[in-house]
Amino acid sequence: MSTVIENLLLRKQKLVEQLEKAPTAEDRDKIEHQLEQINTALDFLDRPGTKNAR
């Protein structure tokens, strides 16, 4: 599970860096949408009980 979280955090970091350099509002919107999805996934994985859900 920690590998999944690590990958999500790495992806999030890269997206934040891209967001700072995004040339258009459309690009920023796409990146922000991806960040929201990652945050949702991280929230889900961080909930109590999800580690033993299998």
Given the rule -39500 (n - 2.57) for each run of at least 4 DSSP H residues, summed and divided by the residues of the chain, what is its mean residue ellipticity at 222 nm, to the nearest 500 deg cm²/dmol?
-27000 deg cm²/dmol
Using a 1.4 Å probe on the protein chains only, how many percent of the accessible area of the chain belongs to carbon and sulfur?
50
Please state the relative contact order of the chain as a whole percent: Cα pairs under 8 Å, 6+ residues apart?
37
Per the rule of 0.36 nm per residue minus the C-alpha distance, extending residue 33 to residue 19 adds in nm 3.9 nm
Contour excess over end-to-end distance, with Cα ends at residue 46 and residue 3 and 0.36 nm allotted per residue:
14.2 nm
How big is the Cα convex hull of the chain in projection, averaged over all directions, in nm²?
3.7
To the nearest 20 Debye, how big is the dipole of the chain about its Cα centre, given +1 on the beta carbon of each Lys and Arg and -1 on that of each Asp and Glu?
320
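The values are calculated or read from the model by the stated rules, or taken from the named source; none is laboratory data. Nothing here was measured: the structure is a model prediction, and the numbers come from that model. Heads up, the Cβs are rebuilt from the backbone with ideal geometry, glycines too, and the neighbour counts pull from every protein chain shown. Remember, those area values only see protein heavy atoms, side chains included, never the ligands or the DNA or RNA. Shrake-Rupley method; radii C 1.70, N 1.55, O 1.52, S 1.80 Å.
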